[in-house]
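Some notes on the structure that comes next.
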Amino acid sequence: MSALLDGTLREQAAAVADGDADPAELLDAALARIEERNPGVNAIVETFPEHSRRMLTEARDGPLYGVPVAIKDEWPLPWRAERLGAAQYLGPPPNPGESGPYRALRDAGAVIVGIANMHEYGAGSTGHISAFGPARNPWNTDRCPGGSSSGSGAAVAARLVSGAVGADGIGSIRYPAAYCGLTGLKPTFGRSTMQGHHGTSTTTIVSGPMCRDAADCRLLGGVLFGGQLTAREPDGLRIGIVPGELWDDCDPEVSAACRQAAEALREASGGTITEVDFAGREHVLISSVLVGSTEELADTTPERVAGLGDDVSLVARALLRYRLLLPAAAISKSLRVRTLVRRSLAELFERVDVLAWPTVAAPAPPLDNPTVNLPSGAYPADYANPRQAGIANLAGVPAISVPVGLSSEGLPIGLQLLAAWGRDELLLDAAEALERANGRQWVDAAPPLARSE
């Protein structure tokens, strides 16, 4: 079963469907691998073999029948409430329940084998803070795995599972995908299931798939979307390159690998590359952070924040206090920027099919000092990352991170593609075309930890 665990979601589903693999044995093998490998990456914070076996016993004959998957600690299950990677709740404790992702996975026949770690309260792009301890990057366990879907990314990269459900509010699927060498899709807002999420009024967060390659993201994404995501050849792809800091203020190795990948995609699709721009770009960083981080203020009170103990990180407590002090005018201006950016992107996507730039400005930073060194200086990764990824959440458009290389230190590099509202399938088509162009070199690459057997 070890070789099958190293395979894709599609290969596992096909092996079970064809009778070549016993789903009970596959589940046991996945649980055994988690027990063996997880201590090195801390990707999975809880397993529940009895519930997993019950899911398998009751599994429906769907596209993921018998396939083990993980789910981020942001979604309730019938037997477990979400913890959000935190030691305390910001209010009354939530209850276990049937969240939308749980129902989608159940109806597809999948088996949830574990809860994936996440950055505390979802409030970080690195994954280096969690009540369960930080998740670790399988490519170098002293490096950040990315956040806030840190455990989902680390679990798939370490081959604990071949697919995991994450959530993306200001890049939280794409950062770990880039840091861990995976494919991660941030869907168009509203397309993927969100029932049961604690952020009932969110306008930025979406559930989404994190997998090895685009075809697996298409499969798992279709489950979360509630329908099959069809594939087409992206012939004559019109690729837009935005000038300025999105490319120029990145680690030189990142810029070079992403430019090479964009050119490979152009050549593979017989398309074009054009320099373009959109209105409001200089305000995207602050606006996406303000909108994304203040949506839950309606449920936050000074008393609740003051009641948090020392088992909640000092950074989280400080950020929560800071959010309560933000002036309404700043949030209102951010919403005005959102409208400007949405309109500008809608016009731009009439002239290009996808936009391309690096998912993150630099490879994964150290866990003990999550700082990245860029041409313009040294910055916390939490400052640099939303500049690259926040726009997709601010505007609601789909985006995908695809692996396109390794740095000189052996750390993954990710290229981000964005498309017009509702064109998630086009991003998957483009990602698959890029995989073919580079001979699947990067989607099939495995970190040292996953090559130990």
Contact order relative to length for the chain, counting C-alpha pairs under 8 Å separated by 6 or more residues, stands in percent at 18
Counting only heavy atoms of the protein chains, get the accessible area per residue of region 378-440 (1.4 Å probe) and round it to a whole Å² value.
26
Just the projected area, averaged over all directions, of the convex hull on the alpha carbon atoms of region 398-441: how many nm²?
3.0
What is the spin-label model distance, in nm, from Ala279 to Glu98 if the labels are put 7 Å beyond Cα along the C-beta direction?
4.6
Across region 67-77, in residue order, what do the Karplus-derived ³J(HN,Hα) couplings come to in whole Hz, using 6.51 cos²θ - 1.76 cosθ + 1.60 with θ = phi - 60° and x for Gly and Pro?
8, x, 9, 10, 9, 4, 6, 10, 10, x, 10
Carbon/sulfur accessible area of region 22-91, % of total, 1.4 Å probe, equals 45
Looking at region 69-135, which GluC sites (Glu not before Pro) are DSSP coil and have at most 15 other C-beta atoms within 10 Å of their C-beta?
Glu98
Would you compute, from DSSP H runs of 4+ residues alone, the mean residue ellipticity of the chain at 222 nm, taking -39500 (n - 2.57) per run and dividing by the full residue count, rounded to the nearest 500?
-11500 deg cm²/dmol
The answer for the per residue Cα convex hull volume of region 328-441, in Å³, is 137
Taking r as the C-beta separation of Ala318 and Gln441 and R0 as 35 Å, the FRET efficiency to the nearest 0.05 is 0.25
Could you give the length gained on full extension between Glu36 and Glu50, defined as 0.36 nm per residue of separation minus the Cα-Cα distance, in nm?
3.2 nm
Using 1/(1 + (r/R0)^6) with R0 = 30 angstrom and r between the beta carbons of Ser2 and Gln195, what's the FRET efficiency to the nearest 0.05?
0.25
If you add up the charges near Ala378, with Lys and Arg at +1 and Asp and Glu at -1, over every other residue whose beta carbon is less than 14 angstrom from its beta carbon, what do you get?
-3
Once you have the Cα-Cα distance between Thr203 and Asp20, take 0.36 nm times their residue separation minus that, and quote the gain in nm to one decimal.
61.5 nm
Counting other Cβ atoms within 10 Å, keep those with at most 13, restrict to DSSP loop, and tell me which GluC sites (Glu not before Pro) in region 294-377 are left.
Glu350
Of all accessible heavy-atom area on region 397-453, the percent that carbon and sulfur account for (1.4 Å):
50
Output the Cα-based Rg and Dmax of region 75-210 in Å, rounding Rg to one decimal and Dmax to a whole number.
13.7, 38
In whole µm²/s, the translational diffusion coefficient that Stokes-Einstein assigns to region 1-98, given a Kirkwood hydrodynamic radius over C-alpha pairs, 4 °C and 1.567 mPa s, equals 87
Over 10 Å intervals from 0, what percent of Cα-Cα pairs in the chain sits in each interval?
5, 24, 35, 26, 10, 1, 0
Round to the nearest 0.05 the FRET efficiency obtained for Arg60 and Ala256 when R0 = 51 Å and r is the Cβ-Cβ distance.
0.65
Out of the DSSP beta bridges found with both residues in the chain, what percent are antiparallel (nearest 5)?
70
Run the accessible area of region 148-247 with a 1.4 Å probe and give the carbon-and-sulfur part as a rounded percent.
51
As a Kirkwood estimate from alpha-carbon pairs, region 259-298 has a hydrodynamic radius in angstrom of 13.3
Take the Cα gyration tensor of region 285-329, multiply each eigenvalue by 5, square-root it, and list the three semi-axes largest first, rounded to whole angstrom.
20, 12, 8
Region 28-153: relative contact order as a whole-number percent, Cα under 8 Å and 6+ apart:
30
For region 1-99, which trypsin sites (Lys or Arg not before Pro) are in a loop by DSSP, counting at most 15 other Cβ atoms within 10 Å?
Arg60
Separation in nanometres of the label points that stand 7 Å from Cα toward Cβ, at Arg351 and Trp79
5.5
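The values are calculated or read from the model by the stated rules, or taken from the named source; none is laboratory data. Just so you know, these numbers come straight off a predicted model, no measurement behind them. FYI the Cβ positions are ideal-geometry reconstructions off the backbone, even for glycines, and counts take in every protein chain you see. The protein model used for the area step is the full one, side chains on, heavy atoms only, and it has no ligands, DNA or RNA in it. Shrake-Rupley method; radii C 1.70, N 1.55, O 1.52, S 1.80 Å.
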